[in-house]
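Visitor: Have a look at this one.
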Amino acid sequence: MGSAVRDHQQQLHPCDSLLLELNVIWDEVGEPDTVRDKTLLELEQECLDVYRRKVDQANRCRAQLRQSIAEAEAEVAGICSAIGEPPVHVRQKLHGLREELNAIIPYLEEMRTKKVERWNQFVHVLEEIKKISSEIRPSDFVPFKTPVDQSDLSLRKFEELTKELESLQKEKRERLKQVMDHLNTLHSLCEVLGIDFKQTVHEVHPSLDEAEGSKNLSNTTIERLALAVDRLREIKIQRMQKLQDFASTMLELWNLMDTPIEEQQMFQNVTCNIAASEHEITEPNTLSIDFLSYVEAEVLRLEQLKGSKMKDLVLKKKSELEEHRRRAHLIGEEGYSDEFNIEAIESGAIDPALVLEQIEAHIATVKDEAFSRKDILEKVERFLNACEEEAWLEDYNKDDNRYNAGKGAHLTLKRAEKARILVNKIPGMVDVLTTKIIAWENERGKEFTYDGVRLLSMLDEYMIVRQEKEQEKKRQR
């Protein structure tokens, strides 16, 4: 019978088999029915509790799967919306929620990767915009009117930022060119003026004297650079005028004192700039304080040397004046010797510089008058040469042996023939000279003198003497 029971138990459900085995045990033990009923009720309740827990667990798992799918789909939709791509429906006819979730996860990861890549592109552009803005805008400038976040990573937004970046890059290039032009000008000015370039630009903005790194390109920096350029250019012009004044004084003193060329060449770099414009002076330290002091010291030395040589200078200029008057056949004016009296200069009664100035003024006047007399004096020279030939011809005609053949006789005959032709032209010369002299005197309002004698009187006297000689010749014939 035991074998039959075991076979029957094997054919039952495990729970029924266990319940049957429990009843057998209870029968052997003699367990009361009340205890049995109570125990069976407890077993049923425990089974229900186990089933309920399993059902609840299954419900939670299903809810979690649905939530994960919904969250994944929502995240995919959000990423698609952010990067500006149309949403893709991943759900297909699959067996269960797990397969749905497993199908959407790879696509979600792909979209996350796209979003990260797109955001990295945005970050690069945004950092460039902020960097350039910090260089060309004031320190309190806010580069974006609305904050840029990951809610809008569309290509349209990226293109907007890219265009803004390109606009800033163009503006930066233009500003950088302005700054570099100002810096180059400042460098040239500092070199010429002997001023520390690095210190000058550091005072404008510390970033400008750094070889590496970005430079501040704001309006304030550009304006301060322009002001620095204007300030140094004004200093350059002032120093240039001072140097040119020194150069002019040097040349005057060199000319006065006949300074040797070798000594003058030591300051060739000074005198070569005497008529230079501001932009033509580019040599380093040409207008530095040290160099100007050096040139000024040389000018002072020449001034002192000039004082010791003033007497010689006055004598030299006086001789030059007399030579000009001699060449122009002008005599000295009344009081000429007293005006340039050397003894008065030595005693200090007359300022030698004033005397030199007066002599220079006389020389200029004599040169001007000599120029106006040039044409007449040339004709006077020809007239005097003709008169000399006339005198020679008179002596020749008085020589009774003039026709005797001898050495050089043919040359003398030729000269006599030329002299007769020239003498016959003298009346015409006198007429031309008279006309020009009268015109000159009317224009100048004074007499035309030749070595102190009025030239018209000389011509009149000559014509009178000539007529007397001709009358005498007629009487002798």
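Throughout, read-outs are computed from the coordinates displayed, never taken from laboratory work. All figures in this text were calculated on a predicted structure; none of them were measured in a lab. Ideal geometry is used to build each Cβ from the backbone, glycine not excepted, and the neighbour counts take in all protein chains shown.
Visitor: Give me the number: length gained by fully extending Lys131 to Asp460, i.e. 0.36 nm times residue separation minus the C-alpha to C-alpha distance, one decimal in nm. Don't skip to the answer; put the middle values down first.
Guide: Working: separation 329, 0.36 × 329 = 118.44 nm, distance 10.03 nm.
The Lys131-Asp460 span can extend by a further 108.4 nm.
Visitor: Mind listing the phi-derived Karplus ³J(HN,Hα) values for the stretch 377-392, rounded to whole Hz, using 6.51, -1.76 and 1.60 with θ = phi - 60°, and x for any glycine or proline?
Guide: Whole-Hz 3J(HN,Hα) from phi for the stretch 377-392: 5, 4, 6, 5, 4, 5, 5, 5, 4, 5, 5, 5, 5, 5, 5, 5.
Visitor: Something else about it: Starting from the amide H of Tyr450, placed 1.01 Å from N in the peptide plane, find each other amide H under 5 Å away whose residue is 5 or more places distant or on another chain.
Guide: Here Leu455 satisfy the definition.
Visitor: If one takes the longest principal axis of the Cα atoms in the chain, at what angle in degrees, from 0 to 90 and to the nearest 10, does the Cα axis of helix 409-424 lie?
Guide: Approximately 80 degrees, to the nearest 10.
Visitor: Oh, and also: Between Lys163 and Arg301, what is the label-to-label distance in nm when each label sits 7 Å out along the Cα-to-Cβ direction?
Guide: The modelled label-to-label distance comes out at 7.2 nm.
Visitor: How high is the relative contact order of the stretch 32-147? Use alpha-carbon pairs under 8 Å, at least six apart in sequence, and give a whole percent. It would help to have the intermediate numbers written out before the result.
Guide: Details: 41 pairs, mean separation 23.0, N = 116.
Worked out over the stretch 32-147, it gives 20 percent.
Visitor: Between the stretch 267-304 and the stretch 442-477, what is the C-alpha centre distance in whole Å?
Guide: 60 Å
Visitor: Here's another thing I want to ask about it. How big is the charge dipole of the stretch 224-318 about its Cα centre, in debye rounded to the nearest 20, if each Lys and Arg gets +1 on its Cβ and each Asp and Glu gets -1 on its Cβ?
Guide: The calculated dipole for the stretch 224-318 is roughly 340 debye.
Visitor: Would you be so kind as to identify which of Ala70, Ala391, His202 lies farthest towards the positive end of the dipole of the chain, taking Lys and Arg as +1 and Asp and Glu as -1 on Cβ and the Cα centre as origin?
Guide: Most positive-ward Cα: Ala391.
Visitor: Select from Thr434, Met458, Val423 the residue farthest towards the positive end of the dipole of the stretch 371-476; place +1 on Cβ of Lys and Arg, -1 on Cβ of Asp and Glu, and compute about the Cα centre.
Guide: The residue sitting most towards the positive pole is Val423.
Visitor: How large is the dipole of the stretch 156-239 about the Cα centre if only Lys and Arg carry +1 and Asp and Glu carry -1, each at its Cβ, rounded to the nearest 20 debye?
Guide: On the way: 15 positive and 16 negative charges, 36 e Å.
The calculated dipole for the stretch 156-239 is roughly 180 debye.
Visitor: Cut-off under 18 Å on the C-alpha distance; same-chain residues fewer than 8 positions from Lys163 excluded. Which lysines are left, in chain and number order?
Guide: The reachable lysines, counting only those whose Cα sits under 18 Å from Lys163, are Lys130, Lys131, Lys145, Lys172.
Visitor: I've got another one for you. Calculated from the structure, mean projected area of the Cα convex hull in nm² equals which of (i) 28.0; (ii) 23.2; (iii) 65.2?
Guide: Matching the structure shown: (iii).
Visitor: Here's a follow-up. Quote the charge dipole size of the chain about the Cα centre in Debye, to the nearest 20; the model charges only the Cβ of Lys and Arg (+1) and of Asp and Glu (-1).
Guide: Working: 69 positive and 92 negative charges, 527 e Å.
Roughly 2520 debye, rounded to the nearest 20.
Visitor: Could you name the lysines whose alpha carbon sits less than 26 Å from that of Lys38, not counting residues in the same chain fewer than 8 places away?
Guide: Lys54
Visitor: I've got another one for you. Placing +1 on the Cβ of each Lys and Arg and -1 on the Cβ of each Asp and Glu in the chain, which of Ala353, Ile222, Ala370 has its Cα farthest towards the positive end of the resulting dipole?
Guide: Ala370
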